[in-house]
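To start, the structure under review is shown below, and the notes come after it.
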Amino acid sequence: MDLPEVTDELLAGVEWRYAVPRCCRVCGAPLQLADTKGMKMTCTSDAASPFASRHGAAGVTLSQALDHWQESTLYDPPDGDKRVLALAAEVRRLRGENQ
């Protein structure tokens, strides 16, 4: 059996399929995995970033960004397959170390 190459597009597709919910409860932006075990997901919006260059550009204060981050972060996501998400996160982590 020939398996497809593990590309960034393949990993993104796997993460999208197995990560539920997929959208931020605050703004509707996509969520991303924030740890290698698939146990934490955060909002990808600049408005939820603690970094001034990102939340400032999004037109929000640090306090607003931290509130957004707190309200949108999911710990132990309720649905999806955490084992698949953890595997995808580990592949990404290993790629980052080896580049």
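For the range 1-23, a tally of residues being in a loop (DSSP other than H, G, I, E, B) and within 17 Å of Asp76 (Cβ to Cβ) returns 2. Checking Thr7 against (1) of a type outside the set (D, E, K, R); (2) surrounded by 14 or more Cβ atoms within 10 Å (Cβ to Cβ); (3) modelled with pLDDT of 85 or more, which test does it fail? Only one criterion in (1) of a type outside the set (D, E, K, R); (2) surrounded by 14 or more Cβ atoms within 10 Å (Cβ to Cβ); (3) modelled with pLDDT of 85 or more is unmet by Thr7, namely (2).
Of the residues Arg25, Arg17, which single one is open to solvent by 70 Å² or more (accessible area, probe 1.4 Å), under 24 Å from Arg95 (Cα atoms) and touching a strand residue (DSSP E or B) at 6+ places or on another chain (Cβ under 9 Å)?
Numbers: Arg25 fails: under 24 Å from Arg95 (Cα atoms).
The unique qualifying residue is Arg17.
Filtered by the rule that a residue be open to solvent by less than 40 Å² (accessible area, probe 1.4 Å), in contact with a helix residue (DSSP H, G or I) (Cβ under 8 Å, 6 or more places away or on another chain) and within 16 Å of Gln32 (Cα to Cα), the range 60-76 gives His68, Ser72. Inside the range 60-75, residues that are of a type in the set (A, V, I, L, M, F, W, C), within 15 Å of the chain's Cα centre (by Cα) and either modelled with pLDDT under 90 or not in a helix (DSSP H, G or I) (or both) make up a count of 1. The residue that is surrounded by the most Cβ atoms within 10 Å (Cβ to Cβ), among those in the range 77-93 that are acidic (Asp, Glu) and modelled with pLDDT under 85, is Asp81.
Scanning the range 33-59 for residues that are in contact with a helix residue (DSSP H, G or I) (Cβ under 9 Å, 6 or more places away or on another chain), surrounded by 14 or more Cβ atoms within 10 Å (Cβ to Cβ) and not in a loop (DSSP other than H, G, I, E, B) returns Leu33, Met41, Thr42, Cys43, Asp46, Ala47, Ala48, Arg54, His55.
The values are calculated or read from the model by the stated rules, or taken from the named source; none is laboratory data. Only a predicted model underlies this, so the values are computations on that prediction, with no experimental measurement involved. Neighbour counts are summed over all protein chains in view; Cβ atoms, including those assigned to glycine, are modelled from backbone coordinates with ideal geometry. For accessibility, only protein heavy atoms count, side chains too; no ligands or nucleic acids. Shrake-Rupley method; radii C 1.70, N 1.55, O 1.52, S 1.80 Å.
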